[in-house]
Amino acid sequence: MLDDIKKTLWATADKLRANMDAAEYKHLVLGLIFVKYISDTFAARRTELQRRLTDPADDYFLHGHTPELLAQELEDRDYYKEVNVFWVPEAARWESLRAAAKQPTIGKLIDDALTLIEQENPKLKNILDKRYARAQLPDGKLGELVDLVSTIGFGETPGSARDVLGQVYEYFLGQFASAEGKRGGQFYTPASIVKTLVAVLAPHHGQVYDPCCGSGGMFVQSEKFIEAHGGKIGDVSIYGQEANPTTWRLAAMNLAIRGIDFNLGKEPADTFVRNQHPDLRADFILANPPFNISDWWHASLTGDPRWVHGDPPQGNANYAWLQHMLHHLKPTGRAGIVLANGSMSSSQNNEGQIRAAMVEADVVEVMIALPGQLFFNTQIPACLWFLTKAKPAHRQGQVLFIDARKHATMISRVQSELKDEVIERIANTVAAWRGEGDYQDTPGFCRSVPLTEIAQHGHVLTPGRYVGAEAVEDNDEDFATTMQQLTEKLGEQMARGAELDALIRKKLGGLGYEF
């Protein structure tokens, strides 16, 4: 049901876009969805309070309440704050905007509403994008967009509103990423990659950090994971950083929608040069940094304390990201990072030495090779690195290699994903290896390898090199039977092909086209 709603909403929103660039339009649509959500959760909380304040059996019951007293009590902001609901002043409530949707000044009215909401909620300061008055949409289209967003019913309770809207927001982010193609990957990591990272790391408490957080997908999935495993939102505290100002706002909205508390730093900023959380030591770090980024270096980074295992080359940030994350881990923490495959084997400009130093320091825990075509924006094959400063005692001096390259399912002509059962198999394999079950090497899929063997391979960390080939039963009888079956099948298909050829000739002949 919700899937249909999401598709219909997207199709309509896309139609209203006219000739506007998807990158620009994204902020208009997602911003409106956010305002509608803030308004709906506020209204749902208000209705809930009204019921509870007048119910003698409820803890909130207001003795001797009159309509005036009740109205006054409903304006008490603490009631809203205690359940992570934003306070919305009357002029900024969705109904006021909806009523004015057909007016030519609707763009300015939305901007004013956003300003009011920011003034009332310091947490949203500088997060809402006030660009509606200058939006380059044909006349009337912005009003139609307001009407469209009005049709999204976000549920009767703040909780159900959160869930519906969170899903709509996430779906739209994915669709925009797809529409923007190459640029889309800058703010969105495909869900199956995020799920794999989260399932292997299993964040359940403490501090979760993403130094290049895009639109916040890693955090959202971490919270989903915690809730699915019996925890609750708030069991972890969220720290993020993002350099792109518009993406930084998307992340803040994405988290605020779900009632997740967050610290994305004072401002959008470059993680290497203007680290927003210098003193943070996190329990879990998850990240999908931009691949092979070449223009990251700044003179101030020379001799930086983060480069424990060697100075990263100035022309590629991969090993800067890896070391930045290690630096920010608690002694018991774990990190999971998506990087381009080249990072596992490159020996250019010091990268081989840094990798060797990391392996010998025993901070590389698990390496996973991913299938191709998982990303919207790049055909570069990717891998997952998992780092830790404290391996289980029985796994010290070993690295677990998993080769998941053959385990993708195509979901469109150009994109694949990892299904939940594959993700579960990967996560269970890692958990068993760590000591939470019975682990066994599986040829072609996984193998635990001692550091001495990795050193013999020049500290290359490509799983395909270590896991071996899948076991294949090979006997002559099987081969003879298989060959017989294939030959018969080929014969059938060739006969069918000849029939079709004859039919096509006949049809064309009937139309006067002989050949």
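The values are calculated or read from the model by the stated rules, or taken from the named source; none is laboratory data. What you see is a predicted model; the values in this text were computed from it and never measured. Counting neighbours? That spans all protein chains shown, and the Cβs are built from the backbone with ideal geometry, glycine included. Ligands, DNA and RNA are stripped out before the accessible areas are found, and what is left, the full protein with its side chains, is counted by its heavy atoms. Shrake-Rupley method; radii C 1.70, N 1.55, O 1.52, S 1.80 Å.
A single member of Ala369, Ala356 is open to solvent by less than 10 Å² (accessible area, probe 1.4 Å), in contact (Cβ under 8 Å) with a residue 24 or more places away in the chain and under 15 Å from Trp385 (Cα atoms), and it is Ala369.
Residues of the range 127-149 that are within 26 Å of the chain's Cα centre (by Cα) and either of a type in the set (Gly, Ala, Ser) or in a loop (DSSP other than H, G, I, E, B) (or both): Ile127, Leu128, Asp129, Lys130, Arg131. Meeting the requirement of 1 or more residues that are modelled with pLDDT under 80, over 20 Å from Leu418 (Cβ atoms) and open to solvent by 20 Å² or more (accessible area, probe 1.4 Å), the helices (runs of 4 or more DSSP H) wholly within the range 171-265 are 217-228, 245-257. Within the range 2-24, the residues that satisfy the criterion of being open to solvent by 50 Å² or more (accessible area, probe 1.4 Å), part of a helix (DSSP H, G or I) and closer than 25 Å to Pro245 by Cα are Asp14, Glu24. Please indicate, with yes or no, whether at least one residue in the range 325-343 is farther than 21 Å from Asp270 by Cα and out of contact with any strand residue (DSSP E or B) (no Cβ under 8 Å at 6 or more places or on another chain). Yes. Screening Leu339 on (1) out of contact with any Asp or Glu (no Cβ under 9 Å at 6 or more places or on another chain); (2) part of a helix (DSSP H, G or I); (3) at pLDDT below 95 shows it passes everything except condition (2). Here Lys232 meets the list (1) in contact with a helix residue (DSSP H, G or I) (Cβ under 9 Å, 6 or more places away or on another chain); (2) among the basic types (Lys, Arg); (3) over 29 Å from Pro122 (Cβ atoms) almost entirely, failing just condition (3). Residue count for the range 420-452 satisfying the condition of being outside any helix (DSSP H, G or I) and over 20 Å from Thr409 (Cα atoms): 11.
When the residues of the range 25-60 are filtered to those that are in a loop (DSSP other than H, G, I, E, B) and not small (Gly, Ala, Ser), the one that is least open to solvent (accessible area, probe 1.4 Å) is Asp58. State yes or no: is Thr388 buried (at least 16 other Cβ atoms within 10 Å of the Cβ), under 22 Å from Asp283 (Cβ atoms) and among the hydroxyl-bearing types (Ser, Thr, Tyr)? So Thr388 passes the test. Candidates Leu53, Leu32: the one that is of a type outside the set (Lys, Arg) and touching an Asp or Glu at 6+ places or on another chain (Cβ under 9 Å) is Leu53. Scanning the range 1-33 for residues being closer than 24 Å to Ala252 by Cβ, at pLDDT 75 or above and within 20 Å of the chain's Cα centre (by Cα) gives a total of 8. A count restricted to the range 393-413 and to residues that are over 13 Å from Met367 (Cβ atoms), open to solvent by 80 Å² or more (accessible area, probe 1.4 Å) and not in a strand (DSSP E or B) stands at 6. Scanning the range 421-439 finds no residues that are open to solvent by 30 Å² or more (accessible area, probe 1.4 Å), without any contact (Cβ under 8 Å) to a residue 24 or more places away in the chain, basic (Lys, Arg) and more than 30 Å from Glu365 (Cα to Cα).
Would a scan of the range 354-363 turn up a residue that is modelled with pLDDT of 90 or more, of a type in the set (Val, Ile, Thr), assigned to a strand (DSSP E or B) and under 27 Å from the mean Cα position of the chain (by Cα)? Spell out the reasoning first.
Filtering the range 354-363 for residues modelled with pLDDT of 90 or more gives 354-363.
Going one step further and asking which of them are of a type in the set (Val, Ile, Thr), we end up with 354, 359, 363.
Retained after the next criterion (residues that are assigned to a strand (DSSP E or B)): none.
No; the residues of the range 354-363 include none that is modelled with pLDDT of 90 or more, of a type in the set (Val, Ile, Thr), assigned to a strand (DSSP E or B) and under 27 Å from the mean Cα position of the chain (by Cα).
Checked against (1) over 26 Å from Asp441 (Cα atoms); (2) open to solvent by less than 10 Å² (accessible area, probe 1.4 Å); (3) in a helix (DSSP H, G or I), Pro312 meets all criteria but (3). Among the residues of the range 78-101, the one identified as surrounded by fewer than 12 Cβ atoms within 10 Å (Cβ to Cβ) and either of a type in the set (Ser, Thr, Tyr) or outside any helix (DSSP H, G or I) (or both) is Glu82.
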